[in-house]
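Participant: One structure is given below, represented as structure tokens, and several questions about it will come after.
The values are calculated or read from the model by the stated rules, or taken from the named source; none is laboratory data. If you're wondering where the values come from, they're calculated on a predicted model, not measured in any experiment. When we count neighbours, we look across all protein chains shown, and the Cβ atoms used for this are built from the backbone with ideal geometry, even at glycine. Heavy atoms of the whole protein, side chains included, go into the accessibility calculation; ligands, DNA and RNA do not. Shrake-Rupley method; radii C 1.70, N 1.55, O 1.52, S 1.80 Å.
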Amino acid sequence: MGSSYAAVKDESEGSGDEKPETGQFTEGEKVLAYHGPLIYDTKILKAEFRKKEWKYFVHYLGWSKNWDEWVGADRLMKPTEENLEKQKKLFKNQTGDKQTKGRVPAGKQKSAAEKELKTESKSLATVGKKRKSDPVVEAKDSDDADPLLKIALPGTLKKQLVEDWEFITQMGKVVKLPRSPSAEEIFKKYIDFKTKRDGAVEDSLVEVLNGLRSYFDKSLPAMLLYPQERAQYASVVPQGSTISPSSIYGAEHLLRLFVKLSELLVHINMEQEALTQLQQKLADFLKFLQRNQSNFFLTSYG
């Protein structure tokens, strides 16, 4: 969801055109909203008439407020029986959850969408010295809980994220695919770099990278794409395809994963020692991306 990558400039100035008295939706109204291939329960927090059309600032129920964003009416719909049925079918197709019946509660949307992601959490949670406690993931009750994992992006990579946002949302461009190097190849280059520098690579680091690759593959279609990129994704990774996003997408989308990673890992209970070691490994990988920024990232989009 794009609002986490860059701050959208507030378009508070009106266009000077006479605006309708009311829009199709109203503040405080609970509606359904498309995001990626799925439909989510949302609540409209603000409604403003901008550039000859109504825009709505929505909160995705059951999700962190970091996902809140401005959307057009074309992405919203009333929670009619027909639309609720459409929501259910799309969700079942995406998650493969055959047990889902009726309307999908907001909390279930998040937990089910992350169900597959959690299966990779063990690799990331058991970094370094083996823990005494059971490393099985445990869900927190509050969606607003502070993330356990704090990931600090180097300044130049933050700038890269802003430029990424500008290319796509402001200029209408997208990353040309497939990317070279791909995310998969970047992970391999990092392993080669560590092997050459240190003489060997710890098994725990390999587990972390395998976990990152799995998170990337499973979260990209639902969490790492802007709306403008959905059609492109459908063409390069057709439904039912065995193609992994990590073999097609590159550093631009991989960097977006690190913005979302603390939210994905909020469901993991980790001992402080393991958490510290995981943070160190992720920070080192980000430094590797930064050092190779000119080789890994595009300077312009197609």
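Participant: Rounded to two decimals, what ratio of Rg to Rh does the range 231-283 give with C-alpha atoms and a Kirkwood Rh?
Facilitator: 1.12
Participant: Ordering Thr22, Thr42 by how much accessible area each has at a 1.4 Å probe, largest first, what is the list?
Facilitator: Thr22, Thr42
Participant: Now for a separate question. With a ≥ b ≥ c the root eigenvalues of the C-alpha gyration tensor of the range 160-279, is it rounded (a/c under 1.5), prolate (a/b larger than b/c) or oblate?
Facilitator: prolate
Participant: If R₀ is 25 angstrom, what is the calculated FRET efficiency for the pair Thr169 and Thr242, using the beta carbon separation as r and rounding to 0.05?
Facilitator: In this case the efficiency is close to 0.20.
Participant: Quick one: how many Å² of Met223 are accessible to a 1.4 Å probe, rounded to 10?
Facilitator: 10 Å²
Participant: Karplus couplings for the range 185-193 from phi (6.51 cos²θ - 1.76 cosθ + 1.60, θ = phi - 60°), rounded to Hz, Gly and Pro as x?
Facilitator: Each residue's phi maps through the Karplus curve to give 6, 5, 4, 5, 4, 5, 4, 4, 4 Hz.
Participant: Among Tyr226, Ser204, Ser247, whose Cα lies farthest out toward the positive end of the dipole of the range 189-250, if unit charges sit on the beta carbon of Lys, Arg (+1) and Asp, Glu (-1)?
Facilitator: Tyr226
Participant: Ok, one more. How do Lys52, Lys260, Lys158 rank by accessible surface area computed with a 1.4 Å probe, from largest to smallest?
Facilitator: Lys52, Lys158, Lys260
Participant: Next question, about the same structure. Which pairs, out of Lys43/Lys88; Lys46/Lys173; Lys65/Lys88; Lys86/Lys173; Lys158/Lys287; Lys30/Lys55, put more than 21 Å between their alpha-carbon atoms?
Facilitator: Flagged as over cut-off: Lys46/Lys173; Lys65/Lys88; Lys86/Lys173.
Participant: With all protein chains present, how much of the accessible area of the range 23-79 (probe radius 1.4 Å) comes from carbon and sulfur, to the nearest whole percent?
Facilitator: On the range 23-79, the fraction of accessible area on carbon and sulfur atoms equals 49 percent.
Participant: Using each residue's phi in the range 275-289, evaluate 6.51 cos²θ - 1.76 cosθ + 1.60 at θ = phi - 60° and report the 3J(HN,Hα) Karplus result to the nearest Hz, with x for Gly and Pro.
Facilitator: Karplus values, whole Hz, x for Gly and Pro: 4, 4, 5, 5, 4, 5, 5, 5, 5, 5, 5, 5, 5, 5, 4.
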